[in-house]
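Written out below as structure tokens is the structure these notes cover.
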Amino acid sequence: MADIRIDTADGIATITLTRPEKKNSITDPMYAALADAVDAFAIDPAVRVALIAGEGPDFCAGNDISMFAAAAGGDPAVSMANVRRFLAAISTFPKPLVAAVTGRAIGIGTTMLLHCDLVYLAEDTALLMPFVDLGLVPEAGSSRLLPARIGHARAFALFALGEPVSGADAVVLGLGNAALPAAEVLPAALAAARKLTAKPSAALIATKALMRDADGTRAAIDTDTAAFVERLTSPEAAAAFAAFAARKA
């Protein structure tokens, strides 16, 4: 499978991003594979809980820059098709979704956490959402979900100033459940997942459904995605991508 690994055991389906040499940045084939996996777990009665993690030191460094280049050179809406599928899958996943986050969590690496039910972070994790710096706007419904979670002023600072937030500070803000030494993050996430598998599954699913505004989240994702696609072909974004490519070269 495209740079992701699936492990299922004892009611837990673990999705691991396996592109550590690129800090687990996500490519278009990876988005497609992630969407397929999450959709499959949603209807698999053997899966009671899903967990997402990253191989190596980093959780996820966001979109692979090649996706931005493809968008700039073609139809942005087409290039975002698998991203849309993944966001739809993760935002509507009916069962508990747990995240184990270490190292860097950039862009979608942070915003996808807003769709997770339990989040365990390394104390020195760096959460970063540099959308404005790239000439873009927040995605994944985060323009509404993040202010609802932590308040407008703090959310705007994270988006507009683009400064990193440590795992410890993220827990204080309400973006995670616990900040731990990096080596303890995945074991803690797995331990929580195991506890969830012992709970009445239908009651967990009903509780999650009651807690989440499905229609509001869907509308927020649609609004963010439309603005994001529009910004992909803006002069500001083109300049930011060119500068990024020059630094990489």
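Just so it is clear, none of the values below were taken in a lab; they were calculated from the coordinates. Bear in mind the structure is a predicted one, so any value in this text is a computation, not a measurement. Here the Cβ is made from the backbone with ideal geometry for all residues, glycine too, and neighbour counts use every protein chain on show.
The order of 112, 67, going from fewest to most other C-beta atoms within 10 Å of their C-beta, is 67, 112. Please give the helix 201-211 orientation as an angle from the longest Cα principal axis of the chain, in degrees from 0 to 90, rounded to the nearest 10. Approximately 40 degrees, to the nearest ten.
Give me the compactness ratio for region 119-221, meaning the Cα radius of gyration over 2.2 N^0.38 Å.
1.23
Eigenvalues of the alpha-carbon gyration tensor of region 1-55, scaled by 5 and square-rooted, set the equivalent ellipsoid semi-axes at 21, 12, 7 angstrom, largest first. Both the radius of gyration and Dmax for the chain are 17.1, 53 Å, in that order, over alpha-carbon atoms.
Mean-square fluctuations from a GNM of the chain, with a 10 angstrom spring cutoff on Cα atoms, peak among 32, 188, 157 at 157.
Here the Gaussian network model covers the chain, with springs between Cα atoms less than 10 Å apart; of 186, 51, 210, 210 fluctuates the most.
Take every pair of alpha-carbon atoms less than 8 Å apart whose residues are at least six positions apart; their mean separation over the length of the chain yields a relative contact order of 21 percent.
Using 0.36 nm per residue and subtracting the Cα-Cα separation, the extra length available between residue 227 and residue 242 on full extension is 3.3 nm. Ranking 243, 186, 49 by Cα position along the charge dipole of the chain, where only Lys, Arg, Asp and Glu carry charges on their C-beta atoms, puts 49 farthest toward the positive end.
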